[in-house]
Amino acid sequence: MRVKFYATFREIIGRKEVDVHGVRTVKELIEYLADKYNPEIKKQLLESPRVGKDKPLDGMVLVNGHNVLHLDGLETELHEDDEVHIFPPAGGG
């Protein structure tokens with residue numbers, strides 16, 4: 001599958017996109033990216049103080065244009081032909 005990164009995640013991963021094979025869920029994808037590229041992506045997405053029961057990740061992950069929070073969250077299934085977009089949390093005020 002093709003995984004594209006935006007804003008600070010491009011800096012963290014060191015690329016704007018990568019091809020990933022063999023992961024089955026969004027959670028496995030985040031674990032894979034943390035292990036292969038940079039553990040900071042997992043810290044920001046899954047271990048932020050803003051993550052909780054009603055908010056399983058801090059940022060936005062789209063699978064084929066659909067926000068995983070409107071699918072099965074971190075357990076959203078992934079397939080080899082999927083396109084995943086990973087955005088850091090929005091800031092500002």
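In the set P89, P39, only one residue is modelled with pLDDT under 95 and either over 10 Å from the mean Cα position of the chain (by Cα) or among the β-branched types (V, I, T) (or both); that residue is P89. Yes or no: region 20-41 includes at least one residue that is in a strand (DSSP E or B) and surrounded by fewer than 14 Cβ atoms within 10 Å (Cβ to Cβ). Looking through region 20-41, none of the residues is in a strand (DSSP E or B) and surrounded by fewer than 14 Cβ atoms within 10 Å (Cβ to Cβ).
Of all residues in region 64-84, which are of a type in the set (D, E, K, R), in contact (Cβ under 8 Å) with a residue 60 or more places away in the chain and within 12 Å of V26 (Cβ to Cβ)? D82, the sole residue that qualifies. Counting only residues that are surrounded by 14 or more Cβ atoms within 10 Å (Cβ to Cβ) and over 10 Å from the mean Cα position of the chain (by Cα), region 68-85 holds 6 of them.
When residues in region 1-13 are screened for being part of a loop (DSSP other than H, G, I, E, B) and under 15 Å from P88 (Cβ atoms), 2 of them pass. Taken as a whole, the structure places G22 among residues that are out of contact with any Pro (no Cβ under 7 Å at 6 or more places or on another chain) and at positive phi. In the set V51, V68, only one residue is modelled with pLDDT under 95 and either among the hydroxyl-bearing types (S, T, Y) or over 18 Å from D19 (Cα atoms) (or both); that residue is V51. Condition first: touching a residue at least 12 places away in the same chain (Cβ under 8 Å) and either assigned to a loop (DSSP other than H, G, I, E, B) or in contact with a strand residue (DSSP E or B) (Cβ under 8 Å, 6 or more places away or on another chain) (or both). Now tell me which residues in region 42-54 satisfy that. Within region 42-54, L45, S48, R50 meet the criteria. Taking residues in region 1-26 that are over 15 Å from N64 (Cα atoms), and partners anywhere that are in a helix (DSSP H, G or I) and among the hydroxyl-bearing types (S, T, Y), the pairs with Cβ atoms closer than 6 Å and at least 6 places apart or on different chains are V23/Y32. Going by what's in this entry, would P56 be described as of a type outside the set (D, E, K, R) and more than 13 Å from the chain's Cα centre (by Cα)? Answer is no for this residue.
The values are calculated or read from the model by the stated rules, or taken from the named source; none is laboratory data. Note that the structure is a prediction, hence the values are computed from the model and not measured. In this analysis, Cβ positions are derived from the backbone assuming ideal geometry, glycine residues included, and neighbour counts consider all displayed protein chains.
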